[in-house]
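The values are calculated or read from the model by the stated rules, or taken from the named source; none is laboratory data. Here the structure is a predicted model, which means the values were calculated and not measured. Neighbour counts are summed over all protein chains in view; Cβ atoms, including those assigned to glycine, are modelled from backbone coordinates with ideal geometry.
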């Protein structure tokens, strides 16, 4: 379902099943059906799988009693692909001291430490479940900067689940929306750009635009913004440019449109 | 929209080298045990503190012994030997008892604590199997604590001997005899044997049970560990008016030593600690089987459990 060297964004409303899906991938919970991660069954081969996979769970908790130096020593002891020097060089850029205990660090520093540990592991798959939850914007920015600059390359796959779509628009190569346990959209970013179009239409043209059956409509600054799915719609890009200003929708808008339609359909079905 | 992240090429060049790197299970177990010692310094601190408190008491009592001996009767050799032998034993018993209590509380928290403080996902994010984790936690009460209490006991007894030599020097006590009679080398071998057999093997099902409860309990593992035996005892008593379960538990906790003191002639308390024909006792093997079943359960539970 996910190719190598992708940076996949897993996006869904609260309770959509993001964490459940990721936990199944990581062998933390049992599942029905068949699931292979890097050719292994995560439930029965978690320990072997973890040589190639690393993750930060949504409740990213490092033990409060552990010293930074002990954490480095322990991970170096049990993980064949951990590069201690690399982790130390990450930490050198922060204000974290090696002899501090985790309980003495601030929340942002704990995330930095966790990231330093994880990024120093030469894994094929990195799974981050809401990695920046509760962090302020500066830390979030730093987090994704180091993720991209120090880690991401063609041999690796990164899966990030998040609420903070806007900040991550430009880093994903692939996108997956899930809602109520189902994948409602799965696509590469290139495909998304050619498939979805947003048109800002002046009120006098709105009726014409509605006639082309947009998948979503919202109002902004006196204009109607219509979102078209060109794959399912007879309208083409050319036609839409005559209606108004055409651009690519943001992930957040697309998300609202796709998930919103889903829930309308679900409500209709239940009636 | 920019979909191509600015990947840094140099990090890809170094990512190939370590594909074959492997950490052996023994190494993983070693680090897991070290981790337990980091998390629970009480494993070594509690017996150490017990030893220090005991040495302080011993210091006071030896001082008073010296004062009593001044002027009054010089201690006869046999009496002196008894006094000191019993104190060496007391040191051993005290440290062993402390280690036992530490072991019980450690085991109850071992698999419960990581779920309660939600660090279990961090530990599971590392390539350490549930089996190795549970084994490392079992090794603390079964191997580490007995060996530690042995080492601390020997050190304590040696300090006691030095202390009494210094304090009693010149008070009419034959220091040479003190050293000759101390015989704690003999005692220590007995002690080590006792620690490894009784504490290491005989108690295995007890610690297995504690770890099982610790892996399962949704809260209050202490309650869940100690309540069921009472309930089973009560039910058995009510239903059949027998106490087989209670005597089984008693036999397990008291240890096999009492039932089979080697020869009645041995005046040495330490000798009673050696179970005779230890490896012929069917109860030992039954116990180990039960322990293995409990461990299997604990490993399965740890795989299934998330944070609470």
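Scan the range A:83-114 for residues that are within 10 Å of chain B (Cβ to nearest Cβ) and either more than 22 Å from residue A:126 (Cα to Cα) or in contact (Cβ under 8 Å) with a residue 40 or more places away in the chain (or both) and jot them down.
Scanning the range A:83-114 gives A:102, A:114.
How many residues does the range A:44-63 hold that are farther than 21 Å from residue A:120 by Cα and facing chain B (nearest Cβ under 8 Å)? Full working, then the answer.
We begin by selecting, within the range A:44-63, every residue farther than 21 Å from residue A:120 by Cα; these are A:44-45.
From what's left, facing chain B (nearest Cβ under 8 Å): none.
Looking only at that region, the number is 0.
Of these, B:94, B:147, B:108, which one is modelled with pLDDT of 90 or more and closer than 30 Å to residue A:46 by Cβ?
Working: B:94 fails: closer than 30 Å to residue A:46 by Cβ; B:147 fails: closer than 30 Å to residue A:46 by Cβ.
The match here is B:108.
Of all residues in the range A:39-61, which are within 19 Å of the chain's Cα centre (by Cα) and in a loop (DSSP other than H, G, I, E, B)? Outline the logic, then answer.
Residues of the range A:39-61 that are within 19 Å of the chain's Cα centre (by Cα), as a first pass: A:53-60.
Hits for the range A:39-61 are A:57, A:58, A:59, A:60.
If we keep just the residues of the range B:261-282 that are within 30 Å of residue B:214 (Cβ to Cβ) and surrounded by 14 or more Cβ atoms within 10 Å (Cβ to Cβ), which is modelled with the highest pLDDT? Steps first, answer last, please.
Taking the range B:261-282 first, the residues within 30 Å of residue B:214 (Cβ to Cβ) are B:273, B:275, B:278-279, B:281-282.
From what's left, surrounded by 14 or more Cβ atoms within 10 Å (Cβ to Cβ): B:273, B:275, B:278, B:281.
Numbers: B:273: 60, B:275: 60, B:278: 75, B:281: 79.
Restricting to residues being within 30 Å of residue B:214 (Cβ to Cβ) and surrounded by 14 or more Cβ atoms within 10 Å (Cβ to Cβ), the top hit is B:281.
Could you check the range A:243-252 and list, in sequence order, the residues that are farther than 18 Å from residue A:213 by Cβ and surrounded by fewer than 19 Cβ atoms within 10 Å (Cβ to Cβ)? Spell out how you get there, then give the answer.
We begin by selecting, within the range A:243-252, every residue farther than 18 Å from residue A:213 by Cβ; these are A:245, A:247-248, A:250-252.
Across the range A:243-252, the qualifying residues are A:245, A:247, A:248, A:250, A:252.
Does residue A:117 satisfy being under 19 Å from residue A:143 (Cα atoms), more than 13 Å from chain B (Cβ to nearest Cβ), within 26 Å of the chain's Cα centre (by Cα) and at pLDDT 90 or above?
Numbers: under 19 Å from residue A:143 (Cα atoms): yes; more than 13 Å from chain B (Cβ to nearest Cβ): no; within 26 Å of the chain's Cα centre (by Cα): yes; at pLDDT 90 or above: yes.
So residue A:117 fails the test.
How many of the residues making up the range A:209-259 are part of a helix (DSSP H, G or I), over 10 Å from residue A:196 (Cβ atoms) and without any contact (Cβ under 8 Å) to a residue 60 or more places away in the chain?
Final tally of qualifying residues: 9.
Only one residue in A:149, A:155 is loosely packed, with under 14 Cβ neighbours inside 10 Å and either facing another protein chain (nearest Cβ under 10 Å) or within 20 Å of residue A:54 (Cα to Cα) (or both). Which one? Can you show your working first?
Details: A:155 fails: loosely packed, with under 14 Cβ neighbours inside 10 Å.
So the residue among A:149, A:155 that is loosely packed, with under 14 Cβ neighbours inside 10 Å and either facing another protein chain (nearest Cβ under 10 Å) or within 20 Å of residue A:54 (Cα to Cα) (or both) is A:149.
Restricting to the range A:18-40, count the residues that are within 13 Å of residue A:129 (Cβ to Cβ), more than 10 Å from chain B (Cβ to nearest Cβ) and surrounded by 19 or more Cβ atoms within 10 Å (Cβ to Cβ).
First, the residues of the range A:18-40 that are within 13 Å of residue A:129 (Cβ to Cβ): A:18-26, A:28-29.
Now drop any that are not more than 10 Å from chain B (Cβ to nearest Cβ), which leaves A:18-22, A:24-25.
Still in the list and also surrounded by 19 or more Cβ atoms within 10 Å (Cβ to Cβ): A:18-19, A:21-22, A:24-25.
Selection size over the range A:18-40: 6.
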